[in-house]
Amino acid sequence: MNWAAPFESNLAALADAGSLRRLSPRRGVDFSSNDYLGLADAPLLREAAGEALARGVPIGSCGSRLLRGNDPEIEALEAEAAAFFGDEATLFFSSGFAANTAFFATVPQRGDLVVHDALIHASVHDGMRLGRAETRAAAHQDVAAFDAVIADWRGQGGTGRVWIAVESLYSMDGDKTPLANFAALADRHEAMLVVDEAHATGVWGPLGRGLSAELPRADNRVILRTLGKALGCEGALLGMPRLLADFMVNRARPFIFSTAPSPLMAAIARAAIRSLEASERREQLHALVDHAAAKLAPIGVPATGSQILLRHVGGNARAVAMAEALQAQGFDVRAIRPPTVPQGTARLRISLTLNATPDDVDALAQGLGDLA
Ligand code: PMP
């Protein structure tokens with residue numbers, strides 16, 4: 001039996017479309033990671049890890065949360081995170097992908113509607129596919145389009161609960177969401193607003209508590225905060241009403257049937273969250289964002305108001321060639337291609353982190369300008 005044929009032809013089709021991916025090593029100045037605050041390799045977190053090991057925090061959790069995996073370090077992280085971010089309850093997951101999948105697979109019920117941004121993350125799509133609610137896409141960041149989808153669904157007899165799913169800062173477009181308008185929409189429809197703050201946590205909002213922290217408190221919100229980006233760790237925190245946390249503890253299969261995340265990582269994440277009380281790193285990053293916006297806008301990289309900038313290219317092959325040319329000059333810039341982004345919209349994603357200096361940005365601007 002030729003078991004290989006379908007896989008080979010699938011990969012060949014990707015190669016023909018210029019979409020075949022290969023794992024490649026890190027090289028050059030970091031313009032591609034999500035380590036926005038430069039915490040991943042910071043002494044602050046190394047010391048937290050050493051201190052936690054010294055006081056006996058285990059590396060492995062040794063079981064699922066409902067069995068022996070519920071280490072006190074994990075409960076401490078959840079309690080501290082809930083207090084810092086202002087959530088009624090928080091659950092710690094081993095990744096943002098797992099948290100989103102678990103949530104959308106479990107919480108929206110049969111008869112409900114999930115209306116999601118057309119560019120919502122893959123993990124939300126996978127969760128929705130596992131879940132029982134009806135799902136509909138609405139145009140990117142278009143509140144009126146979300147409104148129309150909900151009205152249409154109600155008009156067709158939909159009577160269940162509505163869940164509105166957005167990201168506060170889109171990872172492949174760098175644009176921030178007008179969250180106040182979405183909160184008002186949720187209120188108007190008595191809907192729940194689910195906000196993925198993966199790329200805003202630690203970077204935006206008061207004390208880096210995310211863009212949703214700029215809104216008045218409300219009990220109809222669920223917020224995903226990932227720890228693997230600005231916080232330099234791994235895992236995710238899902239903030240929500242206690243009722244939903246209790247529901248997930250009882251019903252969310254990826255929570256129930258998976259080994260709990262590492263207690264050591266929970267201890268390090270607590271230190272990362274505490275570090276947000278100091279504003280220096282955030283201010284330094286915001287200054288770098290302003291600097292980069294001024295330097296890069298004239299050469300075809302428009303300001304987005306965030307730390308994620310894009311040089312739109314279009315074709316896959318050209319995007320890859322441009323990224324390779326920049327990599328050869330010592331800049332770790334990556335091409336983003338379909339299916340991560342829609343067909344024909346390949347782009348260079350320039351991620352600003354404290355692992356790059358203003359001088360590095362100037363040199364990148366020079367390199368990009370020369371390519372154009
Ligand atoms: N949501 C968004 C918007 C993301 O960009 C990502 C990571 N690419 C995730 C969720 C998943 O988070 P994690 O990397 O922790 O699995």
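The values are calculated or read from the model by the stated rules, or taken from the named source; none is laboratory data. Treat the numbers as computed from the prediction; the structure is a model and nothing was measured. Reconstructed Cβ throughout: ideal geometry from the backbone, glycine too, with neighbour counts over all protein chains shown. All accessible areas refer to the heavy atoms of the entire protein, side chains included, with ligands and DNA or RNA removed. Shrake-Rupley method; radii C 1.70, N 1.55, O 1.52, S 1.80 Å.
Points to keep in mind about this one:
- Long-range neighbours under 6 Å by Cβ, at least six apart or interchain, first residue over 11 Å from ALA137 (Cα atoms) within the stretch 112-123, second within 14 Å of the ligand (Cβ to nearest atom): SER123/PHE97; SER123/ASN100; SER123/THR101
- Pairs linking a residue in the stretch 25-54 that is under 21 Å from ILE308 (Cβ atoms) to a residue that is open to solvent by 80 Å² or more (accessible area, probe 1.4 Å), with Cβ atoms under 6 Å and 6 or more positions apart or on different chains, are LEU37/ARG281.
- Selection count, the stretch 65-102, where residues are within 16 Å of the ligand (Cβ to nearest atom), touching an Asp or Glu at 6+ places or on another chain (Cβ under 9 Å) and not in a helix (DSSP H, G or I): 5
- The lone criterion from (1) of a type in the set (Gly, Ala, Ser); (2) under 18 Å from LEU193 (Cβ atoms); (3) within 19 Å of the chain's Cα centre (by Cα); (4) in a helix (DSSP H, G or I) left unmet by ALA105 is number (2).
- Only residues that are surrounded by fewer than 15 Cβ atoms within 10 Å (Cβ to Cβ) and β-branched (Val, Ile, Thr) were counted across the stretch 250-293, and they come to 1.
- Members of the stretch 124-139 that are touching a residue at least 24 places away in the same chain (Cβ under 8 Å), in contact with a strand residue (DSSP E or B) (Cβ under 6 Å, 6 or more places away or on another chain) and not in a helix (DSSP H, G or I): ALA133, GLU134
- Odd one out for PRO254 among (1) assigned to a loop (DSSP other than H, G, I, E, B); (2) within 16 Å of the ligand (Cβ to nearest atom): (1)
- Matching residues in the stretch 118-148 - criterion: being away from the ligand (no atom under 16 Å from the Cβ) and crowded, with 19+ Cβ neighbours inside 10 Å: GLY131, ALA133, THR135, ALA138, PHE146
- Looking across the stretch 265-310, the residues that are under 22 Å from the mean Cα position of the chain (by Cα) and among the basic types (Lys, Arg) come down to ARG270, ARG274, ARG281, ARG282.
- Counting only residues that are away from the ligand (no atom under 16 Å from the Cβ), open to solvent by 50 Å² or more (accessible area, probe 1.4 Å) and not hydrophobic (A, V, I, L, M, F, W, C), the stretch 8-57 holds 17 of them.
- Here ARG318 fits the description: open to solvent by 70 Å² or more (accessible area, probe 1.4 Å), touching a strand residue (DSSP E or B) at 6+ places or on another chain (Cβ under 8 Å) and not in a strand (DSSP E or B).
A quick yes/no check of all residues on (1) assigned to a helix (DSSP H, G or I); (2) in contact with a strand residue (DSSP E or B) (Cβ under 6 Å, 6 or more places away or on another chain):
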site	(1), (2)
PRO339	no, no
PRO342	no, no
ILE350	no, yes
THR353	no, yes
ALA356	no, yes
ASP360	yes, yes
ALA363	yes, no
GLN366	yes, no
GLY369	yes, no
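- Qualifying positions in the stretch 84-117 - touching a Phe, Trp or Tyr at 6+ places or on another chain (Cβ under 9 Å) and surrounded by fewer than 22 Cβ atoms within 10 Å (Cβ to Cβ): ALA98, ASP112
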